[in-house]
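**Student:** Sharing a structure here in structure tokens format.
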Amino acid sequence: SRSAVIPLSRATDDTRQLAHAASQGMRQLFEPHHEIVKVGVMLLDIISRTAATAQGCLELDVLQCSDAASGPLSEKSHALMLAVDGINERYGRDRLRNGNAWVNPISKQQQRTPHYTTSLRDVPTARA
């Protein structure tokens, strides 16, 4: 199976940046005319926000942290992620999600057409 590793320039707890990295990986793996059946994402070297800040991996000063590739990392970003997590916890999983998230995955079974010509149980019944 094919895989891609997308290193991040610094530690982040921003779902938007993680989704962007996942999209970059998909662009690397995508081949025209090939169906994508299943995709997984693994996160490596996970540490707490407190530990990342203490190690200097996660800087909270917007002026020091902003770059063109991933944008500013700030308390506003962290507050936004906490708000999204709070809403999803209160109102149900995936109530709020990234705009690039796949909303309704459809299984091959759901895409199957009825077998009208080969199975009597799939033939519609009309009642008067």
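**Student:** At a Förster distance of 41 Å, what's the computed FRET efficiency of residue 79 paired with residue 126, Cβ-Cβ distance as r, to 0.05?
**Tutor:** With a Förster radius of 41 Å, E is 0.10.
**Student:** How many nm is it between the label spots at residue 38 and residue 96, if each spot is 7 Å from the Cα in line with the beta carbon?
**Tutor:** The two pseudo-label positions are separated by 3.2 nm.
**Student:** Okay, moving on. Express in nm, to one decimal, how much length is gained between residue 45 and residue 29 on full extension, taking 0.36 nm for each residue of separation and deducting their alpha carbon distance.
**Tutor:** 3.5 nm is the gain from fully extending residue 45 to residue 29.
Read-outs throughout are calculated quantities, based only on the coordinates presented, and are distinct from any laboratory measurement. Please read all numbers here as calculations on a predicted model, not as lab measurements. We place every Cβ from the backbone using ideal geometry, glycine too, and count neighbours over all the protein chains shown.
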